[in-house]
Amino acid sequence: MKYLLKKKIIIPILACVVFLSTTAFKNDFFEIAKQIEIFTTLFKELNMNYVDETNPGDLMDTAIKSMLADLDPYTNFMNEQDVEAARINNTGDYTGIGARIKTLKDKLIVVEPYKDYPADKAGLKAGDEIIKVGNTLVAGYDDYAGDLLKGAPDSSIKVAYKRQGKTQTATIKRAEVEIKAVPHFSLIDDKTGYIVLSRFSRKAHAETNYALRDLKAQGAERIILDLRGNPGGLVNEAIKIVNLFVPKGQLVVTTKSKVKKYNRTYITKNEPIDTEIPLVILLDGNSASASEIVSGALQDLDRAVIVGSRSFGKGLVQRPKILTYGTQVKITISRYYTPSGRSIQSLDYWNRNEKGEAVRVKQENYNEFKTKNGRKVFDGGGVFPDVPVGSYKISPITTAIVNNDLVFDFATTYYYNHNFDDINTLKLTDKDFLDFKQFLKTNNFSFETDTEKALKNAFETSKKEELNDNIEQDYNTLISNLNASKTQVIDENKEYLIELLTKDIVKRYVYREGLYEYLEVHDMEIKKATEILSSSSTYQGYLK
């Protein structure tokens with residue numbers, strides 16, 4: 001029944017959001033008004049007359065989210081909690097316990113305590129399960145439980161949490177928390193500076209500017225800018241960061257929309273810090289949006305060598321529109337294009353396949369563009385590295401392992417069973433990987449492939465048609481072979497999983513700050529970037 005209700009009210013709600021968000025549809029005002037009126041009467045009759053009690057808020061939330069899901073993943077309705085989360089992401093400031101928290105139905109999971117902030121000082125660690133805040137049990141709490149941890153600076157809150165099966169308590173004194181856009185910068189060697197830019201908040205340019213100047217003052221003659229895992233953020237911050245390395249008046253990105261006022265060209269406005277210093281940018285599959293504006297522009301301008309793996313491929317620009325009662329809708333308003341004219345967008349959400357899935361552009365359909373020096377670059381989704389390193393073909397099975405928090409949970413178990421005098425000596429072994437696979441079995445990890453689903457459906461149909469007697473043995477053999485294949489896929493993704501496990505484990509011992517120091521010693525991409533920068537001819541060779 002819930003599914004039917006979704007379908008009935010999707011179109012009217014779409015009309016409402018369009019009406020609120022833009023004036024580009026003046027010719028459709030009658031149709032919009034008509035659909036709003038239909039929806040209003042439907043919603044009223046439904047809630048007054050449906051056989052069981054209805055929750056108007058839940059029905060509306062389902063309708064809006066279902067409608068927006070038909071567009072793209074970035075056009076989203078934001079309730080009050082979402083709006084606050086977006087504010088924190090853009091500013092990097094809030095008041096709370098100083099930890100990244102995951103909210104589940106019956107508990108709050110500490111994902112990462114920030115070093116020297118209240119949660120850390122109170123002794124909380126990654127993996128702790130907060131079950132009670134003050135006098136409120138998390139289980140059964142109707143509102144957003146994460147808000148229980150927020151409060152005025154210097155106010156205290158008592159929490160009860162589980163760690164390794166034992167319940168403990170702690171009193172945490174809240175404080176103002178600052179999440180840095182540049183959580184780390186340092187000299188890797190006497191001439192190579194390393195800057196980690198983790199987000200494009202309002203502080204991104206200022207902090208990157210400071211890091212670059214500081215490293216140059218320390219003697220840095222070449223720079224590695226690490227954008228791996230950076231999901232993006234504010235476009236204007238991306239423009240200003242490109243401007244650190246290119247002259248004033250340079251085109252960085254163009255946006256195109258059906259609404260004329262959103263068609264814009266973004267030009268650098270300031271004098272740069274250094275237009276000559278050799279620069280390598282590190283990317284991975286989680287580098288998106290503003291990260292791709294920076295890396296794509298500097299690649300097109302032959303101002304940086306890109307090392308790592310293909311970026312995520314988000315070439316769409318969103319803008320929030322204020323609604324009533326503290327809510328907002330974030331709408332995709334335009335596509336952006338790098339200086340050479342290429343789009344970074346990877347998936348086509350407007351021409352989906354027969355399953356309703358967004359499709360990726362096929363390689364044979366990539367379009368060729370030219371950099372400033374005439375090098376070939378391509379659209380088709382994401383920024384392609386000049387030097388591929390650490391590129392993994394990630395399978396749905398490994399994605400399911402990560403999404404089910406099994407890497408995180410194994411890291412928690414590992415931490416409580418191993419000690420290190422020097423974390424730089426950590427290197428996971430084949431035995432550790434076997435332990436991880438056993439951990440998956442112990443925790444009943446199962447992933448049903450599309451192949452399994454199709455076979456099960458066919459076998460169930462054969463039973464209904466009484467044709468299963470002669471094929472049951474073959475069916476069981478096929479399922480057994482599929483399970484063996486899934487184990488093989490996990491083994492084939494060993495290197496990728498080991499990398500994820502290592503990073504999560506290192507953070508348990510030395511926080512995020514220590515992880516960056518560990519990577520400076522062990523990371524393949526950083527080693528390759530340092531090698532490229534150490535030879536002027538090698539560096540210039542990639543740019544010509």
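Bear in mind these aren't lab numbers, they're just calculated from the coordinates by the rules spelled out. Because the structure is a prediction, the values reported are computed rather than measured. Neighbour counts are summed over all protein chains in view; Cβ atoms, including those assigned to glycine, are modelled from backbone coordinates with ideal geometry.
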Charge dipole (debye, nearest 20) of the stretch 430-544; +1 at Cβ of Lys and Arg, -1 at Cβ of Asp and Glu: 400 debye
List the residues whose amide H sits under 5 Å from the amide H of Tyr117, counting only those 5 or more places along or on another chain, with H placed 1.01 Å from N in the peptide plane. none
Rank-order 322-333, 124-135, 196-207 by packing density, defined as the average count of other C-beta atoms within 10 Å over each peptide's residues, highest first. 196-207, 124-135, 322-333
A chain fully extended from Leu455 to Leu46 at 0.36 nm per residue, minus the present Cα-Cα distance, gains in nm 143.2 nm
Express the relative contact order of the chain as a whole percentage, based on alpha carbon pairs under 8 Å and six or more residues apart in sequence. 11 percent
Straight-line reach from Lys125: which aspartates and glutamates have a Cα under 18 Å away, not including same-chain ones fewer than 8 places off? Glu112, Asp116, Asp405, Asp409, Asp504, Glu513
Starting from the stretch 40-122, pick out the chymotrypsin sites (Phe, Trp or Tyr not before Pro) whose DSSP state is loop and whose Cβ has at most 14 other Cβ atoms within 10 Å. Tyr50
Scalar couplings 3J(HN,Hα) for the stretch 179-185 by Karplus 6.51 cos²θ - 1.76 cosθ + 1.60 (θ = phi - 60°), nearest whole Hz, x for Gly and Pro, are 9, 6, 6, 10, x, 7, 8
I need the peptides 168-177, 495-504 ranked by packing, meaning the mean over residues of other C-beta atoms within 10 angstrom, with the highest value on top. 495-504, 168-177
Binned Cα-Cα distance frequencies in the stretch 184-391 - 10 Å width, integer %: 9, 34, 36, 16, 5, 0
Length gain on complete extension for the stretch Arg352 to Asp422, per 0.36 nm per residue less the alpha carbon to alpha carbon distance? 20.1 nm
For the pair Thr95 and Val387, the simple spin-label estimate (label points 7 Å beyond Cα toward Cβ) gives in nm 4.8 nm
Quick calc, the stretch 93-178, dipole around Cα centre from Cβ unit charges on Lys, Arg (+) and Asp, Glu (-), nearest 20 debye, gives 460 debye
Under 19 Å from the Glu80 label point (7 Å along Cα→beta-carbon), backbone N, the stretch 313-351: 321-330
Answer with one residue from Gln473, Ile526, Val489: the one whose Cα lies farthest towards the positive end of the charge dipole of the stretch 465-544, charges on Cβ with Lys, Arg +1 and Asp, Glu -1. Ile526
Using alpha carbon positions and the Kirkwood radius, the Rg to Rh ratio of the chain is 0.98
Straight distance only, please: which lysines reach the Cα of Lys456 with their own Cα at less than 17 Å, same-chain residues fewer than 8 apart left out? Lys464, Lys486
For Tyr117, Tyr336, what's the fewest-to-most ordering of other Cβ within 10 Å of each Cβ? Tyr117, Tyr336
What is the order of Tyr516, Tyr475, fewest Cβ neighbours within 10 Å to most? Tyr475, Tyr516
Evaluate 2.2 N^0.38 Å with N set to the residue count of the stretch 93-178, then give the Cα radius of gyration divided by it. 0.96
Write down, largest first, the equivalent ellipsoid semi-axes of the stretch 273-384 in whole Å, where each equals the square root of 5 times an eigenvalue of the alpha-carbon gyration tensor. 28, 20, 12
Can you put Leu149, Leu455 in order, fewest other beta carbons within 10 Å first? Leu455, Leu149
Treating only Lys and Arg (+1) and Asp and Glu (-1) as charged, each at its beta carbon, one finds that the chain has a dipole about its Cα centre, in Debye to the nearest 20, of 1600 debye
On the first, second and third principal axes, largest extent first, how far apart are the outermost C-alpha atoms of the stretch 405-482 in Å? 65, 20, 17
Long-range amide H partners of Val177 with built H, under 5 Å: Tyr94, Thr95, Gly96
Set Lys and Arg Cβ to +1 and Asp and Glu Cβ to -1, take the dipole of the chain about its Cα centre, and tell me which of Leu187, Ile130, Asn403 lies farthest positive. Leu187
Helix-only mean residue ellipticity at 222 nm, the chain, DSSP H runs n ≥ 4 weighted -39,500 (n - 2.57), per residue, nearest 500. What is it? -13000 deg cm²/dmol
Which distance in nm do the two modelled labels at Lys372 and Lys102 give, with both placed 7 Å along the Cα-to-Cβ direction? 4.3 nm
³J(HN,Hα) computed for each position of the stretch 46-51 - Karplus, 6.51 cos²θ - 1.76 cosθ + 1.60, integer Hz, glycine/proline x: 4, 6, 7, 10, 4, 4
So who's got an amide H within less than 5 Å of the one on Val253, skipping anything under 5 residues away but keeping other chains? H placed 1.01 Å off N, in plane. Tyr266
Extreme residue, positive dipole direction of the chain, given options Ile498, Ser201, Tyr262 (C-beta unit charges): Tyr262
